[in-house]
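The values are calculated or read from the model by the stated rules, or taken from the named source; none is laboratory data. Keep in mind that this is a model prediction, so the values were computed, not measured. Cβ placement follows ideal geometry from the backbone for every residue including glycine, while neighbour counts extend to all protein chains displayed.
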Amino acid sequence: MDDTYRRGPLLLLAGRANRPLAAEIGEIIGESPDAATIKQFADGEIFARIDRNARGRDVYIVQTTSAPADNIMELLLLMDAARRASAARVTAVIPYFGYGRQDRKDQPRVAIGAKLVANLIVAAGADRVISIDFHQHQIQGFFDIPVDHLYAAPVITRYFRNLGLENLVVVAPDVGSAKMARGYGKRLGASFAIIDKRRTEANTSEVLNVVGDVEGRNCLLVDDMVDTAGTLANAVVALKERGAKTVYAAATHAVFSEPAVERLSASPLEEMVVTNTIAIPKEKQFSNLRILSVADLLAKAIDHVHSNESVSELFEMLPDD
């Protein structure tokens, strides 16, 4: 690649939230992410130091902001350290943007957490953000800096195309994921169905109806995240009760709060496909879980941003093999 348009040498850093993904990205772009020291004092306070020269460099900090909130603090401290070390540009690479579900004031006296976290990231010194599958697209507008919003769909659809499932129906588990499901259906040449559900309280829902023909067909449920898996597990049962031949599920972010693993393991699910935007510990992995890597997608995004090339090309450029 032509180096004419690069913004000085690239420096890759990583917080502790998802070091395996950061290491994969580093292998692809030829830069080790092990250039920072992060530790905690006895009282839990976080210390962050960049161990290489950052002056005039194009700094990329890989850090997922899933729970605990210390992950957000690590990202803020690393960005502040880079800015104070005279970095030319600081890009926050956030595979999973936590607090994305708190994107509006839908009841009295609640915080808009997504906007608050966006403000903190900008205030800490970020010049740009790269992320994958925000919970709501309008979160891009919460940042007063450029945002490259990537999609895991090319990675996931490539996997399902290779499975060669016939008579496929892509199913939205709720109205909020209908647009995403239609996009998957178009990419896979599949028909579309939607689950009509009622949410009785946070993390609790019940299926009322399935809109669309699923009898005798292979079904693929898609969503941006799986948290407690209540909605997903109920949807799988509803599809099987209505005659679905097999039911697969795919989600970008595997939050897997309790009792998600128990619910997914017990459900008649053929396979649960997720990406590694969030590090999944061994105790949360189960037999029919498939983890796909987004390292190549993020590495290409970093390279394109560093070279001032178009990032939108990445939405469809991943190979099918």
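Output yes when any residue across segment 222-231 is part of a helix (DSSP H, G or I), at pLDDT below 95, surrounded by fewer than 16 Cβ atoms within 10 Å (Cβ to Cβ) and under 22 Å from the mean Cα position of the chain (by Cα), and no when none is. The answer is no, given that none of the residues of segment 222-231 is part of a helix (DSSP H, G or I), at pLDDT below 95, surrounded by fewer than 16 Cβ atoms within 10 Å (Cβ to Cβ) and under 22 Å from the mean Cα position of the chain (by Cα).
Listed by position, the strands (runs of 3 or more DSSP E) enclosed by segment 22-89 that each have at least 2 residues that are closer than 23 Å to VAL255 by Cβ are 58-62. Residues in segment 156-171 that are crowded, with 20+ Cβ neighbours inside 10 Å and in contact with an Asp or Glu (Cβ under 8 Å, 6 or more places away or on another chain): VAL169 alone.
Looking across ALA87, ALA123, one residue alone is of a type in the set (A, V, I, L, M) and under 16 Å from ALA14 (Cα atoms). It is ALA87.
For segment 264-294, taking the residues that are assigned to a strand (DSSP E or B) and touching a residue at least 60 places away in the same chain (Cβ under 8 Å), the one that is surrounded by the most Cβ atoms within 10 Å (Cβ to Cβ) is identified as THR275.
Can you tell me which residues in segment 136-167 are of a type in the set (Ser, Thr, Tyr), touching a Phe, Trp or Tyr at 6+ places or on another chain (Cβ under 9 Å) and over 18 Å from GLY98 (Cα atoms)?
To start, the set of residues in segment 136-167 that are of a type in the set (Ser, Thr, Tyr) comprises 151, 157, 159.
In the following step, the residues that additionally are touching a Phe, Trp or Tyr at 6+ places or on another chain (Cβ under 9 Å) were identified as 151, 157.
Of everything in segment 136-167, just one residue is of a type in the set (Ser, Thr, Tyr), touching a Phe, Trp or Tyr at 6+ places or on another chain (Cβ under 9 Å) and over 18 Å from GLY98 (Cα atoms), namely THR157.
Within segment 189-196, is there a residue that is surrounded by 15 or more Cβ atoms within 10 Å (Cβ to Cβ), among the acidic types (Asp, Glu) and either under 22 Å from THR275 (Cα atoms) or not assigned by TED's automatic domain parsing to the domain that holds HIS304 (or both)? No, segment 189-196 contains no residue that is surrounded by 15 or more Cβ atoms within 10 Å (Cβ to Cβ), among the acidic types (Asp, Glu) and either under 22 Å from THR275 (Cα atoms) or not assigned by TED's automatic domain parsing to the domain that holds HIS304 (or both).
Has segment 58-72 got at least one residue that is buried (at least 21 other Cβ atoms within 10 Å of the Cβ) and without any contact (Cβ under 8 Å) to a residue 40 or more places away in the chain? For segment 58-72, residues buried (at least 21 other Cβ atoms within 10 Å of the Cβ) and without any contact (Cβ under 8 Å) to a residue 40 or more places away in the chain: absent.
When residues in segment 232-263 are screened for being out of contact with any Phe, Trp or Tyr (no Cβ under 8 Å at 6 or more places or on another chain) and assigned to a helix (DSSP H, G or I), 13 of them pass.
Given the structure, is GLU270 modelled with pLDDT of 95 or more and either under 15 Å from the mean Cα position of the chain (by Cα) or within 25 Å of ASN18 (Cβ to Cβ) (or both)? Reasoning before the result, please.
Numbers: modelled with pLDDT of 95 or more: yes; either under 15 Å from the mean Cα position of the chain (by Cα) or within 25 Å of ASN18 (Cβ to Cβ) (or both): no.
Against the criterion (modelled with pLDDT of 95 or more and either under 15 Å from the mean Cα position of the chain (by Cα) or within 25 Å of ASN18 (Cβ to Cβ) (or both)), GLU270 does not qualify.
Quick check on this structure: which one of GLY15, GLY26 is in contact with a strand residue (DSSP E or B) (Cβ under 8 Å, 6 or more places away or on another chain) and either hydroxyl-bearing (Ser, Thr, Tyr) or buried (at least 24 other Cβ atoms within 10 Å of the Cβ) (or both)? Let's see the steps before the verdict.
Values: GLY26 fails: either hydroxyl-bearing (Ser, Thr, Tyr) or buried (at least 24 other Cβ atoms within 10 Å of the Cβ) (or both).
Result: GLY15 is the single residue among GLY15, GLY26 that is in contact with a strand residue (DSSP E or B) (Cβ under 8 Å, 6 or more places away or on another chain) and either hydroxyl-bearing (Ser, Thr, Tyr) or buried (at least 24 other Cβ atoms within 10 Å of the Cβ) (or both).
Every residue, every condition in (1) modelled with pLDDT of 95 or more; (2) closer than 13 Å to VAL169 by Cα; (3) buried (at least 20 other Cβ atoms within 10 Å of the Cβ), yes or no:
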| residue | (1), (2), (3) |
| --- | --- |
| ASN209 | no, no, no |
| GLY243 | yes, yes, no |
| ALA251 | yes, no, yes |
| ALA254 | yes, no, yes |
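Screening TYR96 with (1) outside the structural domain of ASN209 (by TED's automatic domain parsing); (2) surrounded by fewer than 19 Cβ atoms within 10 Å (Cβ to Cβ) gives one miss only, at (2).
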